[in-house]
Amino acid sequence: MFDALSELFGSPIIAAFVSAIVPLVFIVPFVIIAVYMERKVAGHMQDRLGPMRVGYHGILQTVADFFKLLQKEDITASSIDKRFFNVAPFLVFAGSYAVYAALPFTSSMLGSKIDIGLFFIVAASGLVVAGILMAGWSSNNKYSLYGALRSAAQIVSYEIPTIIVILSVVMFTRTLSLAEMSEMQTAYFWNWNIFGGAEWNLTKLLITPFMMIAFLIFYISSLAEVNRTPFDMPEAESELVAGYHTEYSGIKFSMFFLAEYANMFAVSAIAVAIFLGGYQSPFGYVGNLIGAEWLVQVEQLFWFISKGMFFVFVQMWLRWTLPRVRVDQLMTICWKYLIPYSFVNLIIIGIITLI
Amino acid sequence: MKTEELILNMGPQHPSTHGVLRLELELEGEVVNKVTPHIGYLHRCFEKHAEAMTYPQVIPYTDRMDYLASMYNNFGYVIGVEKLLGIEVPERVQYIRVIMGELQRIASHLVALGTYGLDIGAFTPFLYLFRDREKILTLFEITCGARLLYNYMWVGGLSHDLHPDFVRLTREFIKYYRPNITELNNLLTFNKIFVERTANIGVLPAETAINYGISGPNLRASGVKFDLRRNDPYSIYDRFDFEIPVGEGMMGTVGDCWDRYYVRVLELEQSLRIIEQALDQLPEGDVQSAIPKRIKPPVGSVYTRVENPKGELGYFIISDGSVNPFRVKVRAPSFVNLSIINELSRGHLVADIVAILGSIDIVLGEIDR
Amino acid sequence: MKKAQEIFDILKSEFDDAIISISTETPTEPMISVDPLKICGVSLFLRNNTELQFDSLMNLSGVDDANGEKGKVESDLDLITGGTLSVYYHLHSTKINHKITLRVSAPRENPEVESVESIWKTANWHEREAYDMYGIKFLNHPDLRRILMPYDWDAGYPLRKDYKSPEYYHGMKIPY
């Protein structure tokens with residue numbers, strides 16, 4: 001997209017700015033819709049209606065909430081570390097925003113076509129940890145500190161199984177670029193990585209179950225990375241009040257909020273891109289049938305977003321069903337189960353890829 | 001390097017202290033060394049007020065102690081005053097009191113179980129249980145007009161007779177509610193994560209429990225088959241056939257948080273059984289015929305105790321022969337049950353404190369009075 | 001299962017001078033009066049004796065008997081001097097299923113009662129409450145602090161019959 005834009009504007013700087021803004025155009029409406037969806041999903045799962053008053057079936061509720069948050073007083077307690085306190089929410093948001101640079105929404109709508117996209121995503125999401133630690137420490141609040149420390153421990157730990165799983169997929173596809181990976185899984189859904197890729201041979205048959213395991217591990221650890229139930233330790237409401245963002249209010253709080261929902265979609269999108277064909281349609285394109293090139297792009301965008309949204313929905317579903325694990329159980333799940341399993345899985349996938 | 005223990009104040013405003021309770025935690029990392037509860041934030045001088053009121057005027061104040069089980073607070077108090085006066089209450093009144101008391105027990109347990117789920121992080125069971133609790137409150141509302149604080153049981157009688165539809169509606173409620181216990185079990189009780197969080201946590205041995213005066217479901221969860229409705233029967237509880245569920249350590253050790261939770265789940269079914277039997281036997285009669293015109297007990301004192309949903313609710317009433325009680329002391333079950341929190345929590349993690357506190361099921365209105 | 005009179009006889013033979021009397025008139029429950037400075041030994045006996053086994057303290061309540069002289073000083077007409085403050089112990093045995101009530105009375109000016117916290121842990125908070133409300137000092141209590149009132153409440157003990165609310169607490173007017 002950057003290349004096309006720089007040709008259009010004739011200046012790489014303007015093109016960079018424009019292509020940097022595109023994900024924001026997606027994130028803000030997405031968050032508004034996702035928060036509304038979360039409330040409606042929660043409501044209907046809990047035998048109640050959810051928001052009903054603002055607009056038709058409460059459709060404007062999150063918009064109203066957004067404006068309410070904007071207008072709220074920005075409270076900063078006297079004994080906080082102002083510098084870090086102010087930077088932290090933006091750093092957290094920057095971390096989750098940076099991930100969008102490498103997400104292929106369609107075959108041409110892609111922030112930056114870097115070859116090491118996956119690597120970049122893993123690295124950039126590390127920023128979130130720094131932001132959360134900053135927020136917890138600078139708040140000068142014991143609950144915040146606990147939340148931040150838990151969060152740091154959790155995200156760092158769960159990055160290991162994530163990376164191992166990514167590694168096994170990379171071994172199989174031999175590319176680190178998400179765009180290329182998506183391109184490889186074209187045509188029909190049985191060509192997706194979770195079903196062993198596009199080539200029909202013995203490898204495909206052997207590798208499918210292990211790819212499914214890899215997907216499961218990836219999804220579980222991604223839940224932990226975005227601090228969603230059952231792994232929402234850092235903000236475990238009943239213990240730590242609100243965790244690292246206890247002391248935040250108004251616009252800074254909404255930054256954390258924005259980052260959380262942006263992250264939810266980001267990890268779902270990554271899972272979709274590396275396992276479930278990315279933007280590829282499961283049944284082929286209408287655009288190709290009638291020969292309309294632009295329609296293919298629209299379809300790809302539709303498929304990418306709807307696959308991502310489905311997994312966002314699954315995250316919500318889990319959140320409103322499951323209790324929360326304890327902090328030591330959380331670590332046990334990671335170090336004693338997920339990491340060994342993913343290692344074994346890595347080795348098996350490696351062997352299968354070789355033969 | 002100089003190190004010191006981290007003191008963490010949990011409360012008075014905290015999502016899982018169930019009211020204005022302050023727990024002072026001495027922590028080493030996330031491990032709790034000592035818990036010091038600080039109570040009294042909701043102290044309303046009930047006992048001082050009672051000394052300035054006439055006997056019937058005290059009843060609305062008892063409502064406000066354990067506000068989740070107001071019926072039962074009324075129940076205990078009026079039994080005490082009736083004992084002092086030496087009056088017999090009509091059969092119908094007795095039966096209605098038992099029905100109300102057991103409905104109240106279900107309602108109270110529903111709050112306890114729901115908020116416990118909330119403490120562990122499961123939000124949905126809470127709303128499912130509150131949905132059913134609302135139905136019980138509606139039954140109370142058609143009976144006496146109030147949903148939370150009833151002032152329903154009077155000395156020697158009741159404030160209102162049953163609504164003509166009450167029996168039918170209650171039967172419908174029981175029929176509707178029974179399957180929901182299974183739903184709760186599927187959703188929360190046997191959930192793997194929930195069991196992991198609560199089994200083997202905060203184990204309370206029977207000896208310690210008795211020594212600390214723990215009562216109610218908490219005591220029974222430790223394997224002690226002790227229920228005042230059976231062991232020290234009051235009103236007409238000796239006429240009903242019901243079982244006393246005790247903790248069996250099905251998921252871990254006897255007397256752990258899961259047992260305390262599960263005993264309450266089992267008690268729901270037993271309460272339904274008692275209500276069914278009471279509805280079948282409900283006699284006709286006037287519920288206000290035995291209410292004395294003037295309540296002026298002779299000099300003396302009496303200690304009565306009833307099996308409140310939270311445990312043993314005791315009223316120690318001293319009469320000096322006037323229309324005002326000379327002294328009313330309430331032995332609030334939550335007050336006694338909370339005193340064990342330090343014993344149970346030592347060596348557990350912060351997250352477990354929440355699980356333990358929730359499993360004791362306290363109501364601050366009753367602790368602070 | 002033992003009757004109150006039998007329990008009284010056992011205690012009388014064991015602790016002659018510490019046991020003062022038994023009152024059995026209705027509607028009062030049978031009540032045994034005990035010396036306030038010997039209640040701990042009596043309690044220990046009651047709990048450990050195989051025939052009694054009072055393993056549970058149901059309730060412990062302080063009471064202001066208000067049996068002193070009222071209004072000696074003209075400016076303080078309600079003030080009570082002399083008389084006693086009492087503590088009532090309601091005991092129950094979960095094994096034998098019998099009950100008994102003990103009562104101790106201590107002089108109002110210096111109410112000192114032995115603590116039974118070491119025998120029944122229930123007593124810990126109940127005694128703190130009695131101290132908080134009546135100012136009864138429980139000897140050997142490990143943690144005798146106020147419990148329901150604020151820790152820095154210095155206007156006396158609210159449940160005493162001659163208690164007067166102070167005008168101000170921390171600069172806040174109390175009778176609002």
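General remarks:
- FRET efficiency estimate (nearest 0.05) - Cβ-Cβ, residue A:189 to residue A:354, R0 30 angstrom: 0.70
- The Cβ shell under 15 Å around residue A:116 holds other residues with a net charge of 0, Lys and Arg each +1, Asp and Glu each -1.
- In whole angstrom, the protein assembly as shown maps to an equivalent ellipsoid with semi-axes of 63, 29, 26, each derived as √(5λ) from the alpha carbon gyration tensor and ordered largest first.
- Charge tally for residue B:166 (other residues, Cβ to Cβ under 12 Å; Lys, Arg +1; Asp, Glu -1): -2.
- Dipole check for chain A: with +1 at the C-beta of Lys and Arg, -1 at the C-beta of Asp and Glu, and the Cα centre as origin, the magnitude is about 660 Debye.
- For A:314-325, mean number of other protein chain Cβ atoms within 10 Å: 5
- Peptide B:182-195 has a mean of 2 when you count, residue by residue, the C-beta atoms of other protein chains within 10 Å of its C-beta.
- Residue-averaged beta-carbon neighbours from other chains (10 angstrom radius) around B:211-220: 4
- Cα-Cα separations in chain C greater than 20 Å, expressed as whole percent: 56
- Alpha carbon centroid spacing (whole Å) that separates the stretch B:319-365 from the stretch B:103-120: 17
- Cα centroid separation - the stretch B:1-45 against the stretch C:11-71, whole Å: 36
- 11 Å reach of a label modelled at residue B:289, 7 Å along Cα-to-Cβ, counting backbone N of the stretch B:119-162: none
- For the stretch B:49-63, 3J(HN,Hα) computed residue by residue from phi via the Karplus equation (6.51, -1.76, 1.60; θ = phi - 60°) reads 4, 4, 5, 9, 10, 7, 4, x, 5, 6, 3, x, 5, 5, 3 Hz, glycine and proline entered as x.
- Checking the cross-link pairs B:34/C:12; A:40/A:252; A:68/A:142; C:12/C:137; C:3/C:38; B:34/C:2 against a 30 Å limit on the alpha carbon distance flags B:34/C:12; B:34/C:2 as lying beyond it.
- Among B:73, B:337, B:186: highest mean-square fluctuation, GNM of chain B, C-alpha pairs under 10 Å: B:186
- Ordered by solvent-accessible area of protein heavy atoms (1.4 Å probe), largest first, the residues C:173, B:175 come out as B:175, C:173.
- Student exercise, the stretch B:5-368 dipole from Lys, Arg, Asp, Glu Cβ charges, in Debye to nearest 20: 680
- Computed 3J(HN,Hα) for the stretch B:206-219, one whole-Hz value per residue from the Karplus formula 6.51 cos²θ - 1.76 cosθ + 1.60 where θ = phi - 60°, is 4, 4, 4, 4, 5, 4, 7, x, 5, 9, x, x, 5, 6, glycine and proline marked x.
- Efficiency of FRET between residue C:145 and residue A:21 - r from beta-carbon atoms, R0 45 angstrom, step 0.05: 0.15
- ³J(HN,Hα), Karplus 6.51/-1.76/1.60, whole Hz, each residue of the stretch A:254-261, x for Gly, Pro: 5, 4, 4, 4, 4, 4, 4, 6
- Highest mean packing comes first when the peptides B:83-94, B:297-308 are listed by Cβ atoms within 10 Å, giving B:297-308, B:83-94.
- FRET efficiency estimate (nearest 0.05) - Cβ-Cβ, residue C:12 to residue B:87, R0 35 angstrom: 0.50
- The helix-based estimate of mean residue ellipticity at 222 nm for the protein assembly as shown, built from -39,500 (n - 2.57) per DSSP H run of four or more residues and divided by its residue count, is -16000 deg cm²/dmol to the nearest 500.
- Longest segment of chain A lacking GluC sites (Glu not before Pro) that sit in a DSSP loop with at most 14 other Cβ atoms within 10 Å: A:200-355
- Across C:43, A:79, the residue with the most accessible area heads the list, and the full order at a 1.4 Å probe is A:79, C:43.
- Hull-based mean projected area of the stretch B:264-369, where the convex hull spans the alpha carbons, in square nanometres: 10.1
- Set against the 2.2 N^0.38 Å expectation for a compact globular protein, chain B has a Cα radius of gyration ratio of 0.99.
- Among A:8, A:272, A:30 the positive-end extreme of the charge dipole of the protein assembly as shown (Cβ point charges): A:8
- Neighbour net charge for residue C:41 - beta-carbon separation under 10 angstrom, K R +1, D E -1: -2
- Whichever aspartates and glutamates have a C-alpha closer than 12 Å to that of residue C:70, once near sequence neighbours (fewer than 8 apart) are set aside: C:78, C:162
- In terms of accessible area, using a 1.4 Å probe and ignoring ligands and nucleic acids, A:318, B:23 rank largest first as A:318, B:23.
The values are calculated or read from the model by the stated rules, or taken from the named source; none is laboratory data. Predicted model only: the values in this text are computed from it and were never measured. All Cβ positions, even for glycine, are placed from backbone atoms using ideal geometry, and neighbour counts span all protein chains on display. Protein only, heavy atoms only, side chains kept; ligands, DNA and RNA dropped before computing areas. Shrake-Rupley method; radii C 1.70, N 1.55, O 1.52, S 1.80 Å.
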